[in-house]
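Enquirer: If you scroll down you'll find the structure; I have some questions about it.
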Amino acid sequence: MTENRSNIMDTEYGIDSKYKSDKERESDATALMEARLRRMKNLSKDQITKAKLLQLKLKMEEYIRYPVYDDHNYFSNFLKLYIDSIYSKRSTFAKDINVTPVSLSQVINNHREPKEEFIKKLMIHSEKIYKNVCEFHKKTWYQVYFHEKICDTMSNQEHWRPEIEKNVRISKAI
């Protein structure tokens, strides 16, 4: 069964494909992209920062909602995006939350787990930053961190389970 090309959504350009030719479709797609670029050039730095923060929040919420069983470091990647959206230097962020730049770098580069105090400071910082952007739940950074730990544990069972299972027994069956 062949689909009628006029009913397909062209996701690359974000335009409904009801065109008679590819040339017509590409012409409209180009015009739309040019209009978007003109509009983006008129945005202030604050508007761009707010848009990046909103996008980050949505990415974090999506990650929390859907389990991803891989070994990707979501917490540190979200942290990098957060810091880089607000600050030109990561050391300034480190100073703002009263941690050393070295310890921040170690968390970002996955050489050290964030301490609970670090996550609490991040939570408070985010509350203050997001205050004028959108609603940001206090628990989001904790949820991202622990969600990553759960997903990592579940995806790596083949590595840890055989050894741990040797030490688990049932003395009384139910």
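The values are calculated or read from the model by the stated rules, or taken from the named source; none is laboratory data. None of these values were measured; they are calculated from a predicted model. With ideal geometry, Cβ positions are generated from the backbone for all residues, glycine too; neighbour counts draw on all protein chains shown.
Enquirer: If Thr49 satisfies all but one of (1) of a type outside the set (Lys, Arg); (2) modelled with pLDDT of 85 or more; (3) out of contact with any helix residue (DSSP H, G or I) (no Cβ under 8 Å at 6 or more places or on another chain), what's the number of the condition it fails?
Expert: Here Thr49 clears every test but (3).
Enquirer: Any residue at all in the stretch 145-153 that is assigned by TED's automatic domain parsing to the domain that holds Glu61, within 28 Å of Ser103 (Cα to Cα) and in contact with a Ser or Thr (Cβ under 6 Å, 6 or more places away or on another chain)?
Expert: No, the conditions are met nowhere in the stretch 145-153.
Enquirer: Only one of Asn110, Asn73 is exposed (fewer than 12 other Cβ atoms within 10 Å of the Cβ), under 30 Å from His159 (Cα atoms) and either among the β-branched types (Val, Ile, Thr) or in contact (Cβ under 8 Å) with a residue 12 or more places away in the chain (or both); which?
Expert: Asn110
Enquirer: What residue, among those in the stretch 148-174 that are β-branched (Val, Ile, Thr) and part of a helix (DSSP H, G or I), is farthest from Tyr66 (Cα to Cα)?
Expert: Filtering the stretch 148-174 for residues that are β-branched (Val, Ile, Thr) and part of a helix (DSSP H, G or I), the one farthest from Tyr66 (Cα to Cα) comes out as Ile164.
Enquirer: Does Ser88 qualify as being surrounded by fewer than 17 Cβ atoms within 10 Å (Cβ to Cβ), over 16 Å from the mean Cα position of the chain (by Cα), assigned to a helix (DSSP H, G or I) and in the same structural domain as Glu62 (by TED's automatic domain parsing)?
Expert: For Ser88, the condition - surrounded by fewer than 17 Cβ atoms within 10 Å (Cβ to Cβ), over 16 Å from the mean Cα position of the chain (by Cα), assigned to a helix (DSSP H, G or I) and in the same structural domain as Glu62 (by TED's automatic domain parsing) - is not met.
Enquirer: So Thr30 clears everything in (1) more than 25 Å from Ile108 (Cα to Cα); (2) within 20 Å of the chain's Cα centre (by Cα); (3) β-branched (Val, Ile, Thr) except one condition, right? Which one?
Expert: Of (1) more than 25 Å from Ile108 (Cα to Cα); (2) within 20 Å of the chain's Cα centre (by Cα); (3) β-branched (Val, Ile, Thr), only one is false for Thr30: (2).
Enquirer: Which members of the stretch 113-138 meet the condition of being touching a residue at least 60 places away in the same chain (Cβ under 8 Å) and in a helix (DSSP H, G or I)?
Expert: Of everything in the stretch 113-138, those that are touching a residue at least 60 places away in the same chain (Cβ under 8 Å) and in a helix (DSSP H, G or I) turn out to be Ile129, Tyr130.
Enquirer: Across the stretch 47-70, what is the total count of residues that are part of a helix (DSSP H, G or I), more than 9 Å from the chain's Cα centre (by Cα) and surrounded by 11 or more Cβ atoms within 10 Å (Cβ to Cβ)?
Expert: So the count comes out to 9.
Enquirer: Looking at (1) surrounded by 12 or more Cβ atoms within 10 Å (Cβ to Cβ); (2) over 17 Å from Lys131 (Cα atoms), which is the only condition Ser44 fails?
Expert: The number of the failed condition is (1).
Conditions tested, residue by residue: (1) among the small types (Gly, Ala, Ser); (2) touching a Leu at 6+ places or on another chain (Cβ under 7 Å).
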{"position": "Leu122", "(1), (2)": "no, no"}
{"position": "Ser126", "(1), (2)": "yes, no"}
{"position": "Asn132", "(1), (2)": "no, no"}
{"position": "Glu135", "(1), (2)": "no, no"}
{"position": "Lys138", "(1), (2)": "no, no"}
{"position": "Trp141", "(1), (2)": "no, yes"}
{"position": "Val144", "(1), (2)": "no, no"}
{"position": "Met154", "(1), (2)": "no, no"}
{"position": "Glu165", "(1), (2)": "no, no"}
